[in-house]
Structure formats: C-alpha cells, structure tokens
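A.B. asks: A single structure is presented below for examination.
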Amino acid sequence: MSTQVTTGLQVRRSVQLTIDDQSVTVAEGETILSACRTMGKEIPTLCYGDTITPKNACRVCMVEVEGSRVLVPSCSRKVEPGMVVRTDTERTDHSRKLVLELLGSSVDLSLTKNVARWNTEYGSEPTRFGKPAAPTNHRDEATTGHHHVADGSSVSNVLQPVKIDNELYIRDYSKCIMCYQCVDACGEQWQNTFAIGVAGRGFDIRISTEFNVDLTDSACVYCGNCIQVCPTGALMFTSEHNMRDAGTWKEEEQTQTDTICPYCGVGCALTLHVQDNEIVKVSSPSDHSVTHGNLCIKGRFGFQHVQNRAE
Amino acid sequence: MDLKVNSSVATRDERDAVDSVLGKPTQYTQGGQRFEQDLRVSRAGEALRNLRHMLLPTLHAVNDRIGWISRGSINYIAQQLDIAPAEIYGVASFYALFSTTERTMRQVHVCIDLACRAMGGLREDQLPEGTHPSPCLGTCERAPAVLVIEAGNPARHEVLAPATPVQITALAKGAWPDAEATVVSATPQVATDSKNLVLLGRIGKVDPLSISDYQEHGGFDALRKAMQLGATGVIDEVNASGLVGRGGAAFQTGRKWGAVAGQPAFPHYAICNADESEPGTFKDRVIMEGDPFALVEAMIIASFATGCEQGFIYLRGEYPRAIRNVQNAIDESTKHGFLGANILGSGFNFALSIVRGAGAYICGEETAIFNSIEGYRGEPRNKPPFPVEVGVFGKPTLVNNVETLVNVLSIVKDGGAAYAALGTEGSKGRKLFCLSGAVAKPGVYEVEFGITLRQLIELGGGMRNGSTLQAILLGGAAGGFVGPSDLDLPLTMEATRAAGSSLGSGVVMVLDQSVDMVDQLRRIAAFFRDESCGQCVPCRVGTVRQEEIVSRLAKGVQAQDIELLRELGTVMRDASICGLGQTANSAIDSAINKLKVFAQ
Ligand SMILES: Cc1cc2nc3c(=O)[nH]c(=O)nc-3n(C[C@H](O)[C@H](O)[C@H](O)COP(=O)(O)O)c2cc1C
Ligand code: SF4
Ligand code: SF4
Ligand code: SF4
Ligand code: FES
Ligand code: FES
C-alpha cells in the first residue's frame, strides 16, 4: 500500500486512504485536513492556523473515521494507510452545526472569517439557546471549580469590555474562541516570551497575563506575533480598532504591499496594509520559509515615521 | 526566555515554603543573593527547565503555608524554576484547592454533591459564612462530608463526616474536628463476611501504618512470587485473569502491561491513578487508608513486569488520611528494602512517590495526569499517541487505577486462571462497589461479579428505615440512572452496558423518595460545568448550555428544550476531546429517557 515519493532530498513515504469513497494518495505525516484540501474539499476550521501546531480545540473540523467510536479532528489527525474517512455525514454535519452554535452563542464571531457562510451551510442558529446575558467585567476574577448556578433565564457568554492598556494593540476577548494560538506564538512555538497564558478552568478559561496585569507590566515585547495568528480579531492593531470604532475601516479599499523590513539585517518580509495612502497595519506572510509571519516590534509597529510627511 | 518578573516580592514565609521544596536559590537570577560574578554570567536555562515537574509540589507548599498563591510567591517560583509568571498563574488558577486571591488560613470545603445533598447535606445556596462549596469529597458513605484545611507550618487537613450544619458553622469559626471515624466503618462487610474478602481482606485486621503487620498477613508474598515468575510470567498471569481496568474505561489490564513492557523507548513510567473524583466513588480511598501497603506492593509488581524504574501515585488532594497512610507505606517499604535499589536482591530498582492533586476531577483522565505531573495545566492530551507509547515526560507509561492494581496481588499469588474462574463470562473476578445513599449500611462492598443490584442493596442491609427506592445512579455522574424496575440487573459490565448504563467506577448511589431528582440533575450539570478543563468547545460551552437548559426545564418543561439537550448530548459525545465531555450528558439523558424526570 505504501510507495515512496521523493520530495526534494527527503524521502517521504506516501499513504493511500479513502475519503468520501475516493481514493487519495498523500505524503506520510500529512493530516486528514490537508489530504481533503488536496482533493479540493472544504472542511470548516476555526482554531487551526498554518503556523502553529494544531491544538484541535474548536472541534468544527470533525470527520468520521471508520473504526473510531467518536469523531476525529481532521486538522490534527495524521493520515494512516487504508484509513476510511467521511467528511459529510449526518454526524459530522450535526457536530459542525452545534459547534458553530455553541461558539456563536458565547463569543462575538463577527470578524471571524467564513462563519456566516458556514452557519447557512450547516443550518446553525446560535440564537436558539435563548437571550444572551449582559457583558460582564468579572471574567478575570472567576473562582476555579465553582460558579453561580445558572437559572437558565439567559445564555452565558464571554462578552466583556475591550482591554486597552498600551498604544500598539488591543485585546477584545469578547471575540476570543480560545484557539490557544496566541499563547503558543508568544511562548513555546515562536516568540519564547510567555507574556500570556491560559488561565482558569472550564467556561472561565481565558487568555491572561499573570494576575491579569496590564500588558505594560507583563513580559510582552510587542512583537505582535499573537495578532498575526489570531483568527478572530480579538487581538488587533490599535490603529485598526480605532478606525473600526470610527467607522472608517474599509478593508475592501485597502491595498497590500509586500516589502522588506528596513530595520535590521535579518530582512523579514512585511505586508503593508494601506488605506487612503496611510499604513493601517502590518502583517507578514505566514508561508515565509524563514519568519513564518513573525516579526519584532520594529517591523510590526515601527511604521509611523513613514507617514511623518511635511504638512 | 528572558524572565521578566514585576516588583512584587515574596514574603519570608513564602520564600521559606518554596525553598522547602526547591532548596535555597544558588544564584541571583533565581532570587538568591547577588555576587559580583552574577553581573557577567547566569547559569540557569535548561537545567532549571528540567525541574518543571516541581511546580505543582511548590505551589502546594505555598498554598499550604499561607493559604493562597500571591504575586510575590509566583515571582519567586518563576525565578527559582525559570518559568514565566503567566505560565505559573495559568497552572495555579487551574486547580480548585489553590487560590490566586488572598483568603483566610482556614478553608472549610463543604461537599454539596449528589450523595451528600441526597442525605440532607447543605446546598450551595445554604452554606454558612466562611465555607466553600466542594464537589464530592469521596466520603459518600458518611455523607454529608466536610474537609477542613488550616494553612500553616505544617498545614493541617481533616475530614469531618457526617457533619451537621451546626458543626459546619463551628468549623468556619475555628473549631477543629475530632479524629475521623475508623476506616472499618466504611467496610461493613468486615463484621459479617470477613473470611470471603480478598481486596478488603486486611482492612480492619491490620494496622495500616505497620509494615510488620502487613507482612504477617501475607504482605509482599505476591512480590516474591512475581519475582520468581519473572516479568513475562507476571504479564501472562494478568492476561489469563481477564482483569480489566477498574477506573471506568474497562480496558484489558494484561494487554496494557504487555504493550508498555514491549516499548523500545526508555525509561518507562508507572502511574497509579488515585485521583478518585467521580461523584459517589470512594473505594480507592478506603483501600489506601486501610491497606496502603497493598497498593505499594502492587505498584512494585506492575513496574517490575513492565520495566518501570520510577512510579507515581497521583493522589487526590482532598484525601488527607490516604496521603498520610500511603506516604508512610512508601517510607516504610523503602526502609525495609522493598523500594529503592536492587529490590529483594533481584537487581530491580524502583522509586515511588506521591503526587498530590489540587482539586481537579479532570486530572483523573489518564493524559491530563501527565500534564499535571509535568507541571502544566491538567488538560487532556490528544490521543493518539496513546500513553503506552508516549506518556508522562514523553515516555511509555502505564496508568492503572488503585483497585485494578490491588487485584493483581491475588492474581499473582493464586494464578490468573483462578481469578478468571470467578465472575461471569464478560466480567471476571471481584469488584468493589461504592454503595451510598438511602441504604442501611453504606460503604465499600467486595463481591464476585454477577450479583444483581437487588442483592447488593440487600448486602448493604436493604433500604434504610422509612425509605422507598426512587432511583439508583450507576457509575457516577458520568454513568447513568436506573429505576426500581431494574433491581434484577446483574452488576456486570455486559449487563449494564446492554441496559444503556455503565458500571464506571463502581458507584451505586441509592436515592429514596425524599430526593428531588431535578435538583440532582441540576447538580450533575453544574458539576461538569465546573470540572470541564475548558479546552474544547463541545464540552466548555456544551456543559454551560446543558446546565442552563436543565435549569430552564426545572421551571417548566418545553419539548424544544428536551430536543436541544439531546442535540447537545450528541455533539458532546461525538466531538469532545476526552471522556469528561463525552459522558457529561449521559446521566441526564438516562434520567430523562428512563426515569422520565421531565415528562410533560
Ligand atoms: C474525566 C475523567 C476522570 C477520570 N478519573 C479517574 C480516576 O479518578 N481514577 C481512575 O482510576 N480513572 C479515572 N479515569 C479513567 C482513566 O482515564 C483511565 O482510564 C484509568 O485510570 C486507567 O486505569 P485502569 O485501566 O486501571 O482502569 C477518568 C477518566 C476521565 C475521562
Ligand atoms: S505582542 Fe508578542 S510578546 Fe506580546 S503578547 Fe503578543 S506574542 Fe507575546
Ligand atoms: S485571542 Fe485570538 S489567538 Fe488568542 S486564543 Fe483568542 S482567538 Fe485565539
Ligand atoms: S472534553 Fe471537556 S474536559 Fe475533556 S478536553 Fe474537552 S473541555 Fe477538557
Ligand atoms: S480546526 Fe480542527 S479542531 Fe479546530
Ligand atoms: S462525599 Fe459528598 S457526594 Fe461524595
């Protein structure tokens, strides 16, 4: 069943499996999701990002694998020879519908890509659980292991005030789906700074600095690599946040220009997002073989001088 | 990593507590004294990071000493272990026995869980000032139960059960409970049926703190026999016995042992899962309190058979007497050459230690234990890879429940075939049941597989005076309810499975007519909401929605809410990462479908 494919200098075995009755051959080590993508199949994903090891936390990408009692997260499960996968059964569709509803009823997904389309596709109605509870200021003070017992009159959610504690970026955890990507980007997988972690337990889990101190008191070095990986708009340039607030953010009018960071000899790739001849934010191509979308504070936020034109 | 700590400084007590686990810091960057050479060089990094598994014991030390975990102490631990404060905060805030806000030295944890509230215990909204609500304290046979913790040097921990509201108020005001009831009170069979008991055979007969008593009653005979049989011989006997895990998942023990033994990667680790937190479960506690050497001996045998040189007993933090007795058994066994280097001259080396849990049901999930031991948040890991291949510290790991392990002693001594001759075709051997609720003599009962629910209740003296049976919870909050018409159900794995329930961890909780079933369901829903680790959406949000819907149903039944619960149950079962989310709807579902709790 397995033959050898030569990719560059590496020899990787290939694996043959069946997805929705079609046979497909991919390299060993690929995930079910990537196999599906090579076949042109779309599987919804929310917590998955291409530069971070999958945490498979959202469970929207679940598929059926023959022989498995429960559904399997396609974003992280590696293909195996002879695997038989189904991507659109009653069970997978039900799970996707409910996951979209559970998240949609507890988190502000307004800036999360594709959600509106998937809600239609899977028939999700996040409002059917009931009336949303009012935003609270207390999520950072939750007691682990005990909560005020719900009376069912409203639907709990994570809505809360935006955290604005520095000039460069804001944290709007009402939009956070707890994909863990920012924590992994800040810590072990990229930045090695560990300014933020996951705190609390259960529905009270949250992304937090130690004791919820302001970022300015934390270890944060403002590399913005967490913003780069955040799939929901929970982490956002202050410039973008202010423009959205003012109603002047017009993504469709923006141009994106790739360039090289001028500050040091590393030469990271930058993508400048420009609206009305002003740089409104900076990202970096996540498929760049050296930097994988990561920058430092200078490349990420040091663009003001470009705009200091003589009046 | 450049460690950045803010200006909060640990007090002398906090530093002392941390140092009691980690030793005094040797250099400035670790919070020690500053010398001139520190301006140029710092030795830390890799070596310190290898101490990450010391984080949980260190947090315990601080919490024990001052009652909570302050910013200053987190900063000091951060320096000592080279872990970022945000990470430590994430770990500390994961556990219910820790607090990251200041609180009194005295903590009174009042059980508000299923058995206790069924037996007249307080509900969360009835607790006196100065007490905290607690999930099941694993003392259900003496419900209602309270755990008192007094921070200090040393901290004191004591259980009071049963506890009246007056006593609870007194505890909150500073009273200290009398010594706990003896372990035998949890094993009523000892008085009438003692000669037929094997798993419970020594309880009440030996002093649980005395190794010579243990040896006079057959202690370490199984270990000697195991060493004669050799590792493969032991695994053969365990395979022949048909023993399956008693922790809830009923996996074949012999197969697991064989798989660990055969792993090429080394070292191998052995973990005893003694986190017993499934509401209604207390059998492991009774063994550890009453016959702790048996667990130590069984761990040595398991590790000998599977090639582990280091073992951990992950023991629930709410079990003070079990911790004391097992620690004593480890110390005594080490002193007498049963632990340590070259055990009984066999050339086999084995070190065993307790890792104390800190209040998290999820840490009983076998991969969550790994993260907890390693000093991370107790979140379950992805499977595959499975623990037998990639477990704690990334190495092949054996995880077994306390009762599973203790069964191995008689299997080794009397042979696997003799064990397999007991029980039924699908459920071999002996089983401990945790009988609680409205029976005359609640406690742990040891039986051969095959007896019915009715026979077990009769063994427990029948229903309590004045009680009529309303419902029975089998397998705990993750199990399911059955009704009075199911009394002839054989308590075997196959029969309970066929009846749409499960034996789980051996919970048989008998609820009489006085129990408000809707209240029980609300508590089950609240339990899962509290205990979900929060990692995956179906469980993190699903358990919240489930609680909201059950509360709504309590006020008035709507068909669409019943349907919503069913849909929720399906996604939790199908798409959750671990067994917690996968079973969080099962008891509620059985109450609705079998007992018709919300029938219109
Ligand atoms: C949420 C959850 C909690 C668990 N708690 C325990 C526990 O406290 N003790 C235990 O032995 N097994 C517990 N288990 C089962 C373990 O994951 C594992 O199956 C067991 O320890 C294996 O040992 P065994 O084969 O001897 O039963 C739990 C499982 C889940 C999903
Ligand atoms: S900006 Fe960089 S250092 Fe700061 S939290 Fe984000 S990833 Fe961490
Ligand atoms: S802030 Fe963004 S990146 Fe971080 S967990 Fe939330 S959604 Fe994910
Ligand atoms: S099912 Fe629940 S407890 Fe298990 S990993 Fe998911 S959130 Fe955590
Ligand atoms: S995308 Fe796979 S679990 Fe979130
Ligand atoms: S001790 Fe209270 S329910 Fe178990």
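A.B. asks: Can you tell me which of B:290, B:248, B:359 is within 20 Å of the chain's Cα centre (by Cα) and surrounded by fewer than 24 Cβ atoms within 10 Å (Cβ to Cβ)?
C.D. replies: Numbers: B:290 fails: surrounded by fewer than 24 Cβ atoms within 10 Å (Cβ to Cβ); B:248 fails: surrounded by fewer than 24 Cβ atoms within 10 Å (Cβ to Cβ).
Sole residue among the options that is within 20 Å of the chain's Cα centre (by Cα) and surrounded by fewer than 24 Cβ atoms within 10 Å (Cβ to Cβ): B:359.
A.B. asks: Moving on to the next point. Residue pairs, Cβ under 7 Å, 6 or more apart or interchain, first in the stretch A:147-161 and facing another protein chain (nearest Cβ under 9 Å) and closer than 16 Å to residue A:131 by Cβ, second assigned to a loop (DSSP other than H, G, I, E, B) and among the charged types (D, E, K, R). List them.
C.D. replies: Correct list of pairs: A:154/A:131; A:155/A:131.
A.B. asks: Restricting to the stretch B:451-482, count the residues that are part of a strand (DSSP E or B), among the polar types (S, T, N, Q) and surrounded by 17 or more Cβ atoms within 10 Å (Cβ to Cβ).
C.D. replies: 1
A.B. asks: Residue B:97 fails exactly one of the following numbered conditions: (1) within 30 Å of residue A:207 (Cβ to Cβ); (2) not in a loop (DSSP other than H, G, I, E, B). What is the number of that condition?
C.D. replies: Failed condition: (2).
A.B. asks: Within the stretch A:226-311, which strands (runs of 3 or more DSSP E) (wholly inside it) include 2 or more residues that are in contact with a Leu (Cβ under 7 Å, 6 or more places away or on another chain)?
C.D. replies: Ranges flagged: A:255-260, A:278-283.
A.B. asks: A further question follows. For the stretch A:154-172, does any single residue satisfy the condition of being over 30 Å from residue A:91 (Cα atoms), at pLDDT below 95 and not assigned by TED's automatic domain parsing to the domain that holds residue A:297?
C.D. replies: no
A.B. asks: Has the stretch A:213-235 got any residue that is of a type in the set (D, E, K, R) and over 18 Å from the mean Cα position of the chain (by Cα)? Please lay out each step first, then the result.
C.D. replies: Filtering the stretch A:213-235 down to residues of a type in the set (D, E, K, R) leaves A:214, A:217.
Now drop any that are not over 18 Å from the mean Cα position of the chain (by Cα), which leaves A:214, A:217.
Within the stretch A:213-235, one or more residues are of a type in the set (D, E, K, R) and over 18 Å from the mean Cα position of the chain (by Cα).
A.B. asks: Still on this structure, I have one more. Return only the number of the condition from (1) away from chain A (no Cβ under 14 Å); (2) in contact with a Cys (Cβ under 9 Å, 6 or more places away or on another chain) that residue B:515 does not satisfy.
C.D. replies: That leaves (2) as the condition not met.
A.B. asks: Here's something else I'd like to know. Determine if the stretch B:247-254 includes at least one residue that is in the same structural domain as residue B:415 (by TED's automatic domain parsing), touching a residue at least 12 places away in the same chain (Cβ under 8 Å), among the β-branched types (Val, Ile, Thr) and assigned to a helix (DSSP H, G or I).
C.D. replies: Looking through the stretch B:247-254, at least one residue is in the same structural domain as residue B:415 (by TED's automatic domain parsing), touching a residue at least 12 places away in the same chain (Cβ under 8 Å), among the β-branched types (Val, Ile, Thr) and assigned to a helix (DSSP H, G or I).
A.B. asks: Give the number of residues within the stretch A:25-56 that are over 20 Å from residue A:14 (Cα atoms) and touching a residue at least 12 places away in the same chain (Cβ under 8 Å). It would help to see each step written out before you state the result.
C.D. replies: Narrowing the stretch A:25-56 to residues over 20 Å from residue A:14 (Cα atoms): A:42-56.
From the residues that got through so far, the ones that are touching a residue at least 12 places away in the same chain (Cβ under 8 Å) too are A:43-56.
Of the residues in the stretch A:25-56, 14 are over 20 Å from residue A:14 (Cα atoms) and touching a residue at least 12 places away in the same chain (Cβ under 8 Å).
A.B. asks: Follow-up question, since we're still on this one. Could you please let me know if residue A:228 is away from ligand 6 (no atom under 16 Å from the Cβ) and either farther than 19 Å from residue A:164 by Cα or of a type in the set (A, V, I, L, M, F, W, C) (or both)? Step through it out loud before you land on a result.
C.D. replies: On the way: away from ligand 6 (no atom under 16 Å from the Cβ): yes; either farther than 19 Å from residue A:164 by Cα or of a type in the set (A, V, I, L, M, F, W, C) (or both): no.
Criteria not met by residue A:228.
A.B. asks: Have a look at B:558, B:546, B:600 and point out the one that is surrounded by fewer than 22 Cβ atoms within 10 Å (Cβ to Cβ), in contact with a helix residue (DSSP H, G or I) (Cβ under 8 Å, 6 or more places away or on another chain) and in contact (Cβ under 8 Å) with a residue 40 or more places away in the chain.
C.D. replies: Result: B:600 is the single residue among B:558, B:546, B:600 that is surrounded by fewer than 22 Cβ atoms within 10 Å (Cβ to Cβ), in contact with a helix residue (DSSP H, G or I) (Cβ under 8 Å, 6 or more places away or on another chain) and in contact (Cβ under 8 Å) with a residue 40 or more places away in the chain.
A.B. asks: Would you mind stating whether residue B:397 is in contact with a Pro (Cβ under 6 Å, 6 or more places away or on another chain), under 27 Å from residue B:222 (Cα atoms), modelled with pLDDT of 95 or more and in the same structural domain as residue B:247 (by TED's automatic domain parsing)?
C.D. replies: When the stated conditions are applied, residue B:397 passes them.
Residues checked against (1) surrounded by fewer than 20 Cβ atoms within 10 Å (Cβ to Cβ); (2) at the interface with chain B (Cβ under 9 Å from one of its Cβ atoms); (3) of a type in the set (Gly, Ala, Ser):
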site	(1), (2), (3)
A:164	yes, no, no
A:169	no, no, no
A:192	yes, yes, no
A:195	no, yes, yes
A:200	no, yes, yes
A:208	no, yes, yes
A:212	yes, yes, no
A:221	yes, yes, no
A:244	yes, no, no
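A.B. asks: Can you name the number of the only condition in (1) within 16 Å of ligand 5 (Cβ to nearest atom); (2) away from chain B (no Cβ under 14 Å); (3) not small (Gly, Ala, Ser) that residue A:259 fails?
C.D. replies: Here residue A:259 meets the rest and fails (1).
A.B. asks: Could I ask something else about it? Being assigned to a strand (DSSP E or B), surrounded by fewer than 21 Cβ atoms within 10 Å (Cβ to Cβ) and either in contact with a Phe, Trp or Tyr (Cβ under 7 Å, 6 or more places away or on another chain) or not basic (Lys, Arg) (or both): is that true of residue A:68 here?
C.D. replies: no
A.B. asks: Next question, about the same structure. What helices (runs of 4 or more DSSP H), lying completely within the stretch B:502-585, carry at least 2 residues that are closer than 23 Å to residue B:484 by Cα and away from ligand 3 (no atom under 16 Å from the Cβ)?
C.D. replies: Answer list for the stretch B:502-585: B:517-531.
Listed here are the residues, each with its yes/no results for (1) over 21 Å from the mean Cα position of the chain (by Cα); (2) within 16 Å of ligand 4 (Cβ to nearest atom).
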residue: A:55; (1), (2): no, yes
residue: A:69; (1), (2): yes, yes
residue: A:79; (1), (2): yes, no
residue: A:98; (1), (2): no, yes
residue: A:123; (1), (2): yes, no
residue: A:126; (1), (2): no, no
residue: A:136; (1), (2): yes, no
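A.B. asks: Same structure, new question: Scan B:374, B:403 and give me the residue that is away from ligand 1 (no atom under 16 Å from the Cβ) and touching a Lys or Arg at 6+ places or on another chain (Cβ under 7 Å).
C.D. replies: Numbers: B:403 fails: away from ligand 1 (no atom under 16 Å from the Cβ).
None of the other options fit; the residue is B:374.
A.B. asks: What number of residues in the stretch B:155-172 are within 27 Å of residue B:14 (Cβ to Cβ) and either buried (at least 17 other Cβ atoms within 10 Å of the Cβ) or not assigned by TED's automatic domain parsing to the domain that holds residue B:128 (or both)?
C.D. replies: 5
A.B. asks: Considering (1) farther than 22 Å from residue B:431 by Cα; (2) assigned to a loop (DSSP other than H, G, I, E, B); (3) not small (Gly, Ala, Ser), say which one residue B:202 fails and leave the rest.
C.D. replies: (1)
A.B. asks: Test each condition in (1) crowded, with 24+ Cβ neighbours inside 10 Å; (2) touching a Gly at 6+ places or on another chain (Cβ under 8 Å) for residue B:525 and report the one that comes out false.
C.D. replies: (2)
The values are calculated or read from the model by the stated rules, or taken from the named source; none is laboratory data. Here the structure is a predicted model, which is why all the values come from computation and not from measurement. Cβ atoms come from the backbone with ideal geometry, glycine included; neighbour counts cover every protein chain shown.
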